[in-house]
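A short worksheet on the structure shown next.
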Amino acid sequence: MSDDHRVTRAANLIRTVLDFPKPGIRFRDITPLLGDVDAFGDVIDVMAEHAPANASVVCGVESRGFIFGTPLALRLGLGFVPIRKPGKLPGAVVEQSYDLEYGSTMLAIHTDALHPDDNVLLVDDLLATGGTLQASKRLVEQLGATVAQIQVVLELVGQPGRDSLIADGVQDLFAMIGIED
């Protein structure tokens, strides 16, 4: 995490909403950040500055990973591949189930979206328990590609996500903002 003024400004625009989507959850709302064109641009700039030079494609996790992953892919001059919820992709897919803080679900990716020589920059908005990113990493690997780096805008420090991803073999993880949970 950085002490860059851009990071501080972005962090100050993320608000916490208590008991959403269910009691006991502290939801991190990024919509004020998205509404500030300069801060949103700064987030994409910082993420681009920390992207690995060998990345060949950006994968974003539905849905907020799309918000950051798509402009990041454009900034880096790379293609973008969506990782989606089941039933949202029209072609042949591989799927991976995983647990959330408040339930379980599944993710999918087109079987022809990646190639074995791809080095993937995997993007999402938030790292908490690590389940979503771990499932996404496994989808990338099922297609024979390599995760070069995982990037998130916000990491809930104190949650097991980082340790879980490292235990799963993640070598490079960049979190722009860390918030104690």
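The values are calculated or read from the model by the stated rules, or taken from the named source; none is laboratory data. Given the structure is predicted, the values throughout are model-derived calculations rather than measurements. As a convention, Cβ positions derive from the backbone with ideal geometry for all residues, glycine included, and neighbour counts pool all protein chains shown. Quick note on the areas: whole protein, heavy atoms, side chains included, nothing else; ligands and nucleic acids left out. Shrake-Rupley method; radii C 1.70, N 1.55, O 1.52, S 1.80 Å.
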Counted residues, region 51-66 - those being in a helix (DSSP H, G or I) and touching a Pro at 6+ places or on another chain (Cβ under 9 Å): 2
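Here is a yes/no grid of residues against (1) open to solvent by 20 Å² or more (accessible area, probe 1.4 Å); (2) outside any strand (DSSP E or B); (3) at pLDDT below 95:
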| position | (1), (2), (3) |
| --- | --- |
| Val123 | no, no, no |
| Val147 | yes, no, no |
| Ile150 | no, no, no |
| Leu154 | no, no, no |
| Asp163 | yes, yes, no |
Can you name the residue in region 44-66 that is farther than 21 Å from Ala145 by Cβ and under 13 Å from the mean Cα position of the chain (by Cα) and is also least open to solvent (accessible area, probe 1.4 Å) among such residues? Ile44
Given the residues Pro86, Pro21, Pro90, which is the only one that is closer than 16 Å to Ser136 by Cα, of a type outside the set (S, T, N, Q) and more than 16 Å from the chain's Cα centre (by Cα)? Pro86
Residues of region 67-104 that turn out to be within 21 Å of Gly131 (Cα to Cα), touching a Gly at 6+ places or on another chain (Cβ under 9 Å) and either open to solvent by 50 Å² or more (accessible area, probe 1.4 Å) or not in a helix (DSSP H, G or I) (or both), as a count: 10
Any chance Ala39 is out of contact with any strand residue (DSSP E or B) (no Cβ under 9 Å at 6 or more places or on another chain), crowded, with 16+ Cβ neighbours inside 10 Å, among the small types (Gly, Ala, Ser) and farther than 30 Å from Pro86 by Cα: yes
Which of the residues spanning region 1-34 are without any contact (Cβ under 8 Å) to a residue 12 or more places away in the chain, in a strand (DSSP E or B) and among the acidic types (Asp, Glu)? none
Is it the case that region 17-30 has a residue that's touching a strand residue (DSSP E or B) at 6+ places or on another chain (Cβ under 7 Å) and over 21 Å from Gly130 (Cα atoms)? no
Tell me, please, whether a residue that is out of contact with any His (no Cβ under 6 Å at 6 or more places or on another chain), more than 23 Å from Ala128 (Cβ to Cβ) and at pLDDT 95 or above can be found in region 56-65. yes
Can you name the residue in region 18-36 that is among the charged types (D, E, K, R) and at negative phi and, of all such residues, is surrounded by the fewest Cβ atoms within 10 Å (Cβ to Cβ)? Lys22
